[in-house]
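*Asks:* My structure is below; once you've seen it, I'll send some questions.
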Amino acid sequence: VARRVESPTGPNARAGGLPLPGSTGRASRAMNRIAQLLPQSNVAVGVDAANKRDLFASVAGLFEASGVARGTVVDALSAREKLGSTGLGQGIAIPHGRIKGLKDARGAFLRLAQPIPFDAPDGRPVNQVFVLLVPEQATEQHLELLSELAQMFSERAFRERLAAAPDAAATWSAI
C-alpha cells in the first residue's frame, strides 16, 4: 500500500525528500507544532472532574502556574462552550478560548479519571481533553491550531496511545 507524502521537506524528511522512518508527514508536523505550545507541566492524567465547570477549574490551575489568571481561563472556556459544544466525538473535546493580554498560544492536555458528558456529536462522554488558549486577536493561528488538533485526534492510533500512556510524562511524549 502506497502512502502519499504531502511535503518532501520539513522536520520529518531526510535528504532526498523521503520521510523519516516512523513519521507520517503532515500529521507529525502538526504534532510538533502542538508540542511546542504544550509544556510537560500542562499535561495531567487521572483528573477528577464531574462536569465541564470542574474540568475548566482544573485546567485553569495548570495555566495559572504560567501567569494566566484562573478566573480568566474559566470564563473564556465557559463563554466559548455556551456557543456550542467543543466535544468532537470519540471521547475527545477541544475547549478553546481567547485571552486578552496573552502573547502566544498555549495548550494543556488532561485525561480524566472518569468520562464526563460534553454534548459531543456522537453523544459519548469525554475523557481526553486538549485545551487551547490563544491571544485575543489570533484568528488565522487559532483556526490552524484547532484544525491540526482535530486532525491529530481523528487518528485512532493517536487516541489509543494517549489512553494507554501510564502517566503524564508518557502522555506528553506521545503528543
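*Asks:* Residues of the range 152-175 with backbone nitrogen within less than 20 Å of a virtual label 7 Å along the Cα-to-Cβ line of residue 48, please, listed as ranges.
*Replies:* So the set is 167-168.
*Asks:* When we measure straight from the Cα of residue 52, which lysines land under 21 angstrom away, once same-chain ones fewer than 8 places off are left out?
*Replies:* 82
*Asks:* I've got another one for you. What does the charge add up to near residue 78, with Lys and Arg as +1, Asp and Glu as -1, over the other residues with Cβ less than 9 Å from its Cβ? Working shown, then result.
*Replies:* Values: positive: 52, 53, 80, 82; negative: 75, 81.
Summing Lys/Arg as +1 and Asp/Glu as -1 gives +2.
*Asks:* Accessible area per residue of the range 116-175 at 1.4 Å probe, in Å²? It would help to have the intermediate numbers written out before the result.
*Replies:* Details: 2930 Å² over 60 residues.
That works out to 49 Å² per residue.
*Asks:* Given the range 45-156, report the % of alpha carbon pairs whose separation exceeds 26 Å.
*Replies:* Considering the range 45-156, 11 percent of its Cα-Cα pairs are separated by more than 26 Å.
*Asks:* Taking a ≥ b ≥ c as the square roots of the Cα gyration tensor eigenvalues, with a/c under 1.5 meaning rounded and otherwise prolate when a/b beats b/c, else oblate, which class fits the range 102-175? The partial results should precede the final answer.
*Replies:* On the way: a/c = 1.82, a/b = 1.43, b/c = 1.28.
Prolate shape, in that a/c is at least 1.5 and a/b is the bigger ratio.
*Asks:* Please sort 143-153, 126-136, 91-101 by packing, taking for each peptide the average over its residues of neighbouring beta carbons within 10 angstrom, highest first.
*Replies:* Numbers: 143-153: 16.8, 126-136: 22.9, 91-101: 19.9.
With the highest mean Cβ count within 10 Å placed first, the list reads 126-136, 91-101, 143-153.
The values are calculated or read from the model by the stated rules, or taken from the named source; none is laboratory data. Here the structure is a predicted model, which is why all the values come from computation and not from measurement. Virtual Cβ from ideal backbone geometry, glycine too; neighbours counted across all protein chains shown. Side chains included, ligands, DNA and RNA excluded: accessible areas come from the protein's heavy atoms. Shrake-Rupley method; radii C 1.70, N 1.55, O 1.52, S 1.80 Å.
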